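Beneath this line is the structure, given in structure tokens, with notes to follow.
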Amino acid sequence: MDRCLQCDGQKYYSANFEYYNGTSKFNIVFQTDLKYGKLGYCRTCKTHWYLDSDEKNIYPVTDWQMDYLEKWNTKSLIANSKTIELLKEIKATPIDIAGNNKEYIDFPCKVRINDVLHHFAIISFQKTPPVGSRFCKQKTIYFIDDVQDIFPSDFVLNNSIRYATANSPEIRMGFSPTVIKDSNENLYYLNWNQSFFDTDGLKGKDMILSGSFDFNNNNIKPSENILSKIIYIIGDWNDDFLKLRINAT
Ligand SMILES: [Zn+2]
């Protein structure tokens with residue numbers, strides 16, 4: 001059989017390498033060593049595939065992702081000492097209880113790039129190029145050597161809220177809320193793991209965790225979806241940064 005998951009039109013963002021490698025659908029040659037992982041292609045449909053350095057997952061690489069993959073591969077994306085000092089203050093948002101996004105160490109902040117300020121920036125330290133579900137929509141990706149300045153962002157939620165969103169249980173399908181409030185006791189909820197808040201003119205810095213509330217009786221408004229505002233800046237993975245994820249203590 002000379003097919004791959006893309007040949008079959010299944011459009012996966014990633015697939016388990018161990019499983020897929022053992023199936024008759026596997027027809028990918030990984031011939032190029034990269035900074036981390038390997039690059040290959042399907043001999044039938046010529047889709048490019050990326051194999052991560054742990055040989056756990058494979059990811060299809062689209063044309064626009066390939067441009068970034070090539071840049072990523074040639075760059076050494078190490079944070080300098082000034083950046084590390086700032087990251088220690090900003091702290092990384094923890095991964096959620098399901099372990100999603102554990103391949104990224106995410107620092108939400110404000111950055112200046114090409115003299116433009118970005119208030120919803122995530123500096124992500126990772127061993128992978130921009131592929132997979134996080135990078136499935138075509139958008140501008142930056143690298144840490146593009147960044148002129150890093151600042152705390154007013155839109156970033158405080159550490160307690162970020163920790164709570166990462167650890168909030170799923171109370172019904174797809175709904176894992178954390179309730180927060182402003183100084184006038186206006187209640188809002190965040191769904192899943194969140195780093196930023198920008199709703200009704202209120203910013204992340206204006207919000208605190210709400211104590212007791214009743215989802216059925218209190219007036220709790222949803223927070224605005226800010227996903228499309230987020231820009232990603234990629235740096236190379238550093239084990240030391242794992243310690244900078246917010247923890248319970
Ligand atoms: Zn194929």
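Numerical summary
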item	result
Counted residues, segment 62-90 - those being modelled with pLDDT of 95 or more and within 22 Å of Asn16 (Cβ to Cβ)	2
Count of residues meeting criterion [over 22 Å from Pro130 (Cβ atoms) and assigned to a helix (DSSP H, G or I)] in segment 5-41	3
Whichever residue in segment 1-14 is buried (at least 18 other Cβ atoms within 10 Å of the Cβ) and within 13 Å of the ligand (Cβ to nearest atom) and, among such residues, is nearest to Lys71 (Cα to Cα)	Gln6
All positions within segment 31-49 that are over 13 Å from Cys4 (Cα atoms) and within 16 Å of the ligand (Cβ to nearest atom)	Gln31, Leu39
Filter pass, Tyr59 being part of a loop (DSSP other than H, G, I, E, B), within 16 Å of the ligand (Cβ to nearest atom), under 19 Å from the mean Cα position of the chain (by Cα) and under 24 Å from Phe125 (Cβ atoms)	no
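The values are calculated or read from the model by the stated rules, or taken from the named source; none is laboratory data. Just so it is clear, the structure is predicted and the values come from calculations on it, not from any experiment. Note: ideal-geometry Cβ built from the backbone for every residue, glycine included; neighbour counts use all protein chains shown.
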